[in-house]
1. Within the stretch A:62-75, is there a residue that is within 28 Å of A:Phe30 (Cβ to Cβ), at the interface with chain B (Cβ under 10 Å from one of its Cβ atoms) and under 19 Å from the mean Cα position of the chain (by Cα)?
2. Provide a single number: the residues in the stretch A:229-258 that are part of a loop (DSSP other than H, G, I, E, B) and in contact (Cβ under 8 Å) with a residue 12 or more places away in the chain.
3. Only one of these is in contact (Cβ under 8 Å) with a residue 12 or more places away in the chain and in a helix (DSSP H, G or I): B:Lys37, B:Lys4. Name it.
4. Does the stretch A:22-31 contain at least one residue that is in contact (Cβ under 8 Å) with a residue 60 or more places away in the chain, aromatic (Phe, Trp, Tyr) and away from chain B (no Cβ under 14 Å)?
5. Could you tell me whether B:Val195 is part of a helix (DSSP H, G or I), over 17 Å from the mean Cα position of the chain (by Cα) and in contact (Cβ under 8 Å) with a residue 60 or more places away in the chain?
6. Kindly indicate the residue of the stretch A:126-154 that is in contact (Cβ under 8 Å) with a residue 40 or more places away in the chain and away from chain B (no Cβ under 14 Å) and also nearest to A:Cys164 (Cα to Cα) among those meeting that condition.
7. Given (1) aliphatic (A, V, I, L, M); (2) within 14 Å of another protein chain (Cβ to nearest Cβ); (3) touching a residue at least 24 places away in the same chain (Cβ under 8 Å), identify the lone condition not met by A:Val59.
8. Check off (1) in contact with a strand residue (DSSP E or B) (Cβ under 9 Å, 6 or more places away or on another chain); (2) away from chain A (no Cβ under 14 Å); (3) assigned to a helix (DSSP H, G or I) for B:Asn216 and give me the number that stays unchecked.
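Laboratory data are not the source of any read-out in this text; all were calculated from the coordinates shown. Keep in mind the model is a prediction, meaning the values are calculated, not measured. FYI the Cβ positions are ideal-geometry reconstructions off the backbone, even for glycines, and counts take in every protein chain you see.
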Amino acid sequence: MEQNTGKIIVKNLNAYFGDNHVLKNINITFPEKKVTAVIGPSGCGKSTLIRCINRMHEVVLNARVEGEIFLDGENIYPKYIKDVEPIEIRRKVGMVFQRPNPFPTLSIYDNVAAGLKLNGVRNKTLLDEIVVNSLKDAGLWKEVEHKLNHSGVSLSGGQQQRLCIARALAVKPEVVLFDEPCSALDPISTAKIEELMFKLKEKHTIIIVTHNIPQAGRVSDYTAFLYLGDLIEFDKTEKLLTMPTNKMTEKYLTGKFG
Amino acid sequence: MSIKRKIISKIMMTSTLLCALVTLIPLISIFLYVISKGITNINLDFFMNLPKPVGEPGGGMSNAIVGSLILVGLSSIWAIPVSILGGVYLAEYGNNKLGTIIRFLADVLSGIPSIVVGIFAYVVFVLPMKTFSTISGAFALGIIMIPSVMRITEEMVRMVPNTLREASWALGISQFRTTVSIVLKTAKAGIITGVMLSIARIAGETAPLLFTAFGNRFWNQGLNTPIASLPLQIFVYAMSPFEDWHKQAWSGALVLIMLVFLTSYLSRRTMKSRYKI
């Protein structure tokens with residue numbers, strides 16, 4: 001079955017904030033080592049969907065999840081929810097947020113090393129190696145190699161966002177979630193991060209939430225269109241953006257709403 | 001029109017500056033007055049010697065200086081951890097009824113006169129132990145510290161943006177490490193300022209020590225014996241009819257101010273972190 005080749009398989013997923021039903025019976029398979037874009041108008045549940053994948057939805061007061069998400073075949077929402085530690089899931093599924101959020105009290109080096117150091121890694125040579133490689137993978141190394149001990153917030157917005165990407169990569173996640181990573185950045189920084197996606201998908205499965213349809217077209221292999229908590233359409237990006245099968249998708253893409 | 005606006009702007013600017021300067025006047029005049037009165041009597045003897053009987057030259061306040069340091073140190077050791085952990089609870093988990101009650105009671109506690117706290121420590125420690133003691137003084141001073149340090153910790157922890165907590169959780173960092181290494185570290189500067197303010201406050205407290213630490217004229221003999229402290233010594237000397245002791249009281253006041261000044265300065269210096277975990 002083709003479905004089983006997915007890195008992440010979402011089955012009958014429902015998510016709530018209190019009484020507010022924000023995701024309605026979502027079924028979707030995210031393929032391995034591809035970039036999948038999640039698009040849709042504001043408030044349609046895009047961010048909630050990806051926050052379910054690293055168990056971050058539940059950190060909000062009164063938020064809850066029903067249904068199943070399989071990561072490499074393992075259900076991260078088992079019947080006895082305590083069987084799965086959210087911490088373990090989050091080490092496999094990294095996340096980059098909408099606004100760059102480096103730790104202001106830490107140096108550039110320690111920002112990248114934080115996920116390892118605070119999980120007990122003390123081996124200096126190993127840390128050095130991972131920090132350098134993560135910064136290189138995030139395309140930031142050349143700009144910061146001489147000021148690793150400077151504060152993380154001394155960088156520009158675009159650099160901070162790449163620092164956050166390096167920080168997420170340092171924990172060696174298999175999946176990286178991007179929650180509108182470029183919405184607070186200028187076009188040049190945006191282009192740099194989009195370029196990065198192509199390199200990252202060699203090693204990682206990537207899911208990116210975006211408001212920007214051309215961006216989805218540029219970076220993604222697959223696209224999912226959500227509307228008011230329903231998954232309307234999911235297909236190869238070139239197909240979905242050029243020949244959507246659903247009327248609603250077509251309306252959204254042509255700017256009739258959203 | 002524009003000229004009128006500029007004139008009003010100048011007037012307002014000048015008056016805000018003047019008001020800012022006015023707030024400095026009490027501090028500077030106290031400083032200058034205490035220095036002018038106290039500096040003449042400051043010498044090595046003052047720091048090295050124990051108090052001597054009236055008329056005998058060369059008496060000092062060494063025991064009171066050390067006593068103050070001991071009292072402030074002991075109260076800090078128990079009160080600061082309690083207050084900081086309490087403040088973290090209020091900020092991170094305290095959005096419930098229990099949190100509201102604790103917050104209200106802490107505000108009430110901070111409004112209780114310090115002499116009443118002294119009486120409480122007297123009942124809890126001095127009466128059962130049948131002696132004035134260091135430990136009862138540290139207990140009273142610690143109680144005075146708790147509400148302010150706890151509330152300032154809460155405020156500072158609340159000011160840490162939630163995006164930083166989420167960033168930390170998303171890296172698979174545990175709640176404990178997130179709170180200690182990310183949240184408290186980010187809030188550190190503000191918390192330390194709050195701690196310093198309350199240390200400065202208890203260093204100058206006299207009333208709660210009157211019937212707890214009580215004061216003495218020799219070196220401290222242990223936790224369960226009376227202990228001298230600068231404010232107590234100043235109080236006793238300033239109330240006395242002797243000119244000699246008045247001079248010593250002024251010098252004691254000067255030393256007390258300097259100690260408070262020094263602790264704030266040093267803590268600010270060490271606080272400038274080097275962005276390390």
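1. Of the stretch A:62-75, the ones within 28 Å of A:Phe30 (Cβ to Cβ) are A:62-75.
Now drop any that are not at the interface with chain B (Cβ under 10 Å from one of its Cβ atoms), which leaves none.
Scanning the stretch A:62-75 turns up no residue that is within 28 Å of A:Phe30 (Cβ to Cβ), at the interface with chain B (Cβ under 10 Å from one of its Cβ atoms) and under 19 Å from the mean Cα position of the chain (by Cα).
2. 6
3. Numbers: B:Lys4 fails: in contact (Cβ under 8 Å) with a residue 12 or more places away in the chain.
Exactly one of B:Lys37, B:Lys4 is in contact (Cβ under 8 Å) with a residue 12 or more places away in the chain and in a helix (DSSP H, G or I), namely B:Lys37.
4. So far as the stretch A:22-31 goes, yes, one or more of its residues are in contact (Cβ under 8 Å) with a residue 60 or more places away in the chain, aromatic (Phe, Trp, Tyr) and away from chain B (no Cβ under 14 Å).
5. Here the answer is no, as B:Val195 does not meet what is asked.
6. So, considering only residues that are in contact (Cβ under 8 Å) with a residue 40 or more places away in the chain and away from chain B (no Cβ under 14 Å), the one nearest to A:Cys164 (Cα to Cα) is A:Ala138.
7. Only one criterion is unmet by A:Val59, namely (3).
8. For B:Asn216, the exception is condition (3).
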